[in-house]
């Protein structure tokens, strides 16, 4: 049977599998076609993570034409992203200190961190994909608009 496999960036692929194929078999096929190591894959079907404990596709009621979502887990925590989040919180704290007393700024910052974490964790995968696509479209439009205005300032037409 043919099923679709979609990764978060929006690319979708079809793979041929049997209903009796194990989740590990599917992960190996995904690894071959998408070059994502098996141990970094997390397969999700209708919101349920498919575990590699020997269950088959038919055990999850996966049929012809169904779509699996693939999430790529990072091997280890990226130190750069951690340092970026620390920089973000430090910048926000500096901003708050300009407008609040130190104790109030700390309270606002801690509440913001809680609200932020709650908001991000409640996003669905579709929401995250929509945000990513929207930001990519905005960045592309901004870049195009900027280059057009740049050429207009020069008095030439951009090619």
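Of note:
- Taken together, the residues in region 102-113 that are over 31 Å from the mean Cα position of the chain (by Cα) and touching a residue at least 24 places away in the same chain (Cβ under 8 Å) amount to 0.
- Residue check, residue 109 modelled with pLDDT of 80 or more and either outside the structural domain of residue 18 (by TED's automatic domain parsing) or touching a helix residue (DSSP H, G or I) at 6+ places or on another chain (Cβ under 6 Å) (or both): yes
The values are calculated or read from the model by the stated rules, or taken from the named source; none is laboratory data. Nothing here was measured: the structure is a model prediction, and the numbers come from that model. Cβ coordinates were reconstructed from backbone atoms using ideal geometry, including for glycine residues, and neighbour counts include every protein chain displayed.
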